[in-house]
Structures are given as structure tokens and as C-alpha cells.
1. In debye, nearest 20: dipole of the range 1-98 around its Cα centre with unit charges on the Cβ of K, R (+) and D, E (-)?
2. What percent antiparallel are the DSSP beta bridges of the range 86-174, to the nearest 5?
3. Using Cα-only point scatterers and the Debye equation, what is log10 of I(q)/I(0) for the chain at each q in 0.06, 0.11, 0.13 Å⁻¹, rounded to two decimals?
4. Quick one: work out the % antiparallel among DSSP beta bridges in the chain, nearest 5.
5. Hand me the trypsin sites (Lys or Arg not before Pro) from the range 1-89 located in a DSSP loop with no more than 11 other Cβ atoms within 10 Å, in residue order please.
6. What is the fewest-to-most order of GLU47, GLU330 by other Cβ atoms lying within 10 Å of their Cβ?
7. Just want the answer: with Cβ charges of +1 for Lys and Arg and -1 for Asp and Glu, which residue in SER147, GLY35, TYR245 is farthest toward the dipole's positive end in the chain?
8. Could you size up the charge dipole of the range 145-287 around its Cα centre, putting +1 on the beta carbon of Lys and Arg and -1 on that of Asp and Glu, and report it in debye to the nearest 20?
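Here, each number is a calculation from the coordinates, and none is a lab measurement. Source: prediction; values computed, not measured. With ideal geometry, Cβ positions are generated from the backbone for all residues, glycine too; neighbour counts draw on all protein chains shown.
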Amino acid sequence: MKNLLEGVEEILLMGPGPSCVPPEVYKALSRKTIGHLDPYFLEIMEELKEMLRKILNTGNIITIPISGTGSAGMEACFVNLVEPGDRVLVIINGVFGQRMREVATRLGANVDFLEFAWGTPVRLEDVEKKLRETSYRIAAVVHAETSTGVRNPVDEIGKMMKGNDAIYLVDTVTSLGGIEVRMDDWNIDALYSGTQKCLSCPPGLAPLSFSEKAMAKVKGRKTKVPNWYLDLTLLCEYWGRNRIYHHTAPVNMLYGLYQALYNILQEEPAKVFARHQECHEALVKGLEGMGLRMLVDKPYRLPMLNTVYSPDSVDELSVRKRLRSEFKIEIGGGLGPLAGKIWRIGLMGHTARKKNVTRFLKALKTTIGK
Ligand SMILES: Cc1ncc(COP(=O)(O)O)c(C=O)c1O
């Protein structure tokens, strides 16, 4: 019988995620599985929570990885915080803002939203006006909008949230590990992320953190959390001091995340962010040198997710296919209104290396005949 896994090739992952995984993380994933209640594993869990707090710049006790991808983190935040009829504000300028609206709507929230053109950032005056006019249970925004490459002003919105009773909920799936996230300084109450972007671990876990204010909302609910698997009060019985079985933790994935966080802290977050920025600048220079045009205005660009218009002279999908088959490089295409118009080039985590930028630019140049 043929084993398809033998045909898995090494691809330079320069799309919107997953990103390349460093050898130490692969090694961690293949370590011996031990019991999820084993005392040694409990030590690993404690250290893992501490490393997450460091990377998030938070003192929140409730800082844990959720079993599941980034979307599980999104669901976990909303399902624990929303009760039917709650007023929720979602700030949208791409796919993942839209998804937040969908998730909150399905939970019976009374969802209000502010929408901005894809590729442009959130307008702070509009957010300020909304927050002044209405009192919300939650105000939610995506830090790094992976569908467009826009960096949203999460810190500035955080300033507006100070003193507001609403829970400030932020998606850091693509930003965490590539640009700074300061959960406490930015007044963020609830946050989720994912492992497969700038943390450079395969997809499968969703770091999550809740402030005391957010936990007070959870504890004060009138109705039970409608999802047993993602109920934070139950999850905390396992991740907290009691160590009560809830579900079998994905032991080896947690080894992987442990190592990924360890790598970032060893390299030092500031240096990791600088590496992302330098690679981004080199990439933009190379793309513009070929006469290509970036989608997002310079001040709002994300270093880890670069969006560029594909030239009219080429078929954007054929270019991506050739990059994958001939050059073993994956990049992403546009979504929604940007489908067929842009490429999304990821420089996330371990992928963010100058040699990868050079390799990609050379391959693209050959492919588009510049
Ligand atoms: C900003 C953002 N939020 C949420 C998600 C959902 O994460 P996942 O695909 O890991 O479930 C993604 C995935 O690309 C994302 O980029």
C-alpha cells in the first residue's frame, strides 16, 4: 500500500499561513508522548502559560492554549462572553472581522458593526463615535487582517476603551510573534491567537488570554456557556491548580508550542520583530523594483503579510501554480473583493529570513518575466 506521506515535499511557505516550522519545533513534536495529567507534563503546562504571558505582555492568570486552530480561539472568546441579546460591536475591514460578526450573530448577540474598505485601516473617529453613542458588552477588532495585510490600531482603540464597561476583544492570530502585542498596556480584555503564523508551529492550538474583567463577565453570566468543549470555567479546572480532567490535552502539539515560544524568547521578541520588519522592507523594495504596486499604504502595512497587486499582464493563479510546482514556494491569492487581483505574501516567523525573500523575488521575476 502506498504511503502518501512519503510524497510530502518541503515547500517554502510564504502564504497567509501556515508558515515554515523550524527544526527544533519538529523535534519537540516528535518527543515521547506522556500522560496529560503526568506530573512532568503539568510542569510543562505551567511554563507554557508563563511563556505565553511574556509574549502577550500580560499578567492575566487565565492565559492558556485552546485545543483547536485560531477559529477555536475566536469561538472560545465569543461563546464565553456573549449571551443572547448582548450588544456587540465588531470592527470590520476584511474576512476575519466578518467572521467575528458571524460568530457573534450565531450566538444570538445583537451585532452592530463598523465596516471599512478592504485594504484600508480602521478610522478611529468612527470607532470613537460608536463607543460614545452606544454601550456595548463587547467591542471586537482584528489586529493583523490577514485577508488584506492591514495593521489595525489596536493600541489606539485600547486607549478609547479605558473606563468603558465593554470587553475589548482582539484577534492576534497573525500578529502574535511578528509585531508587538501588549495586552495589558492596550487595555485588551480578551484575546486569541493561532500557532501556525508568526509562532511557527503547525496549526492546532489557539493561545487565549482573559483579563480579570473578562473573567468577571464569564462568572456573572445569567445563562450557561452554550458550548461545553470551550467553556473557560471548565477548561480552567484543568489548566488551573485543580488539574481536573476536561478533555485529553493534545500533548505533542503543546510540546510544539512550548518550543516555538521558547525559540522566540531565546531570540528575544524585539529582535524577532526587527527580523520581520527587515524582511518586509527587502520584499517591498524587490516587488516595487519589478514595477509592482502594494495594496496597503505604507503606514498601515503588516510586515508578516504583504499584499501586492498582480500585474495585468499575467494570470495571477497561473503564477501561484508555477511558483508552487517549479520553485516549491507557496504564496496566497486574494479573498472576497480582492480575489484574482492580489497576492498575499507571508513572512511569518521562521519564514521571515532574508534568504527566503531573495529566493522568492528571483522566482517571481522569472515567473512573471520581469
Ligand atoms: C486574523 C485571523 N483570524 C482568525 C483566523 C482563523 O484561524 P484558523 O484558520 O487557524 O482557524 C485566521 C486564519 O488565517 C486569521 O488570519
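1. With Lys and Arg at +1 and Asp and Glu at -1, about 60 debye.
2. Details: 2 of 16 bridges.
Here the antiparallel bridges make up roughly 10 percent for the range 86-174.
3. -0.22, -0.76, -1.04
4. DSSP beta bridges in the chain are roughly 50 percent antiparallel.
5. LYS2, LYS32
6. Ascending number of Cβ neighbours within 10 Å: GLU47, GLU330.
7. SER147
8. In debye, rounded to 20, the range 145-287 gives about 500.
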